[in-house]
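Structure first, then comments.
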């Protein structure tokens, strides 16, 4: 199986995001949607980004339209919604699939490493995956888990990353 730091994605602006640049950093990956009941979590994710980015936290949102067609827009519409409505400044990728034969390699890797309850599939928007600084997946969080509820785990991962540098 591919290692986390060998993966890559494409930003909403069409630029490559090479995960090898995240070596030594703690990464939180979230499949997002602009028209979901959990969309308010963008604000909490942004707060975590502002609080911990300087300590080595990277947050990456992966917009996905596979659940209730809740991310119907194009890149420009997604960017406008994230920026205007939530002030998002963390990384956002282009729209991806997280399940099925066209699932993005990042989500194939994460679902294999951290299967969900009863199934590997992602069940809804705002499923979160926390990855340690060495690229080891730490934990998968359900969509209803608010980002602030995982702050302590993020702090521990950041502390561990700092102690191994």
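The values are calculated or read from the model by the stated rules, or taken from the named source; none is laboratory data. Since the model is a prediction, treat every value here as computed from it, not as a measurement. Ideal geometry is used to build each Cβ from the backbone, glycine not excepted, and the neighbour counts take in all protein chains shown.
Is at least one residue of segment 131-141 over 17 Å from residue 22 (Cβ atoms), crowded, with 19+ Cβ neighbours inside 10 Å and in contact with a helix residue (DSSP H, G or I) (Cβ under 7 Å, 6 or more places away or on another chain)?
Yes; the residues of segment 131-141 include at least one that is over 17 Å from residue 22 (Cβ atoms), crowded, with 19+ Cβ neighbours inside 10 Å and in contact with a helix residue (DSSP H, G or I) (Cβ under 7 Å, 6 or more places away or on another chain).
Within segment 30-43, does at least one residue satisfy the condition of being within 21 Å of residue 159 (Cα to Cα) and either touching a residue at least 24 places away in the same chain (Cβ under 8 Å) or assigned to a strand (DSSP E or B) (or both)?
no
Report, by residue number, each residue of segment 50-64 that is out of contact with any helix residue (DSSP H, G or I) (no Cβ under 6 Å at 6 or more places or on another chain) and under 13 Å from residue 30 (Cα atoms).
60, 61, 62, 64, listed by residue number.
Based on this model, can you work out whether residue 149 counts as at negative phi and without any contact (Cβ under 8 Å) to a residue 40 or more places away in the chain?
yes
Where residues in segment 25-43 are modelled with pLDDT of 95 or more and farther than 18 Å from residue 96 by Cβ, which of them is farthest from the chain's Cα centre (by Cα)?
25
Go through segment 105-123 and report how many residues are part of a loop (DSSP other than H, G, I, E, B) and under 13 Å from the mean Cα position of the chain (by Cα).
1
Being touching a strand residue (DSSP E or B) at 6+ places or on another chain (Cβ under 6 Å) and surrounded by fewer than 21 Cβ atoms within 10 Å (Cβ to Cβ) is the filter here; which residues of segment 67-94 pass it?
90, 91, 94
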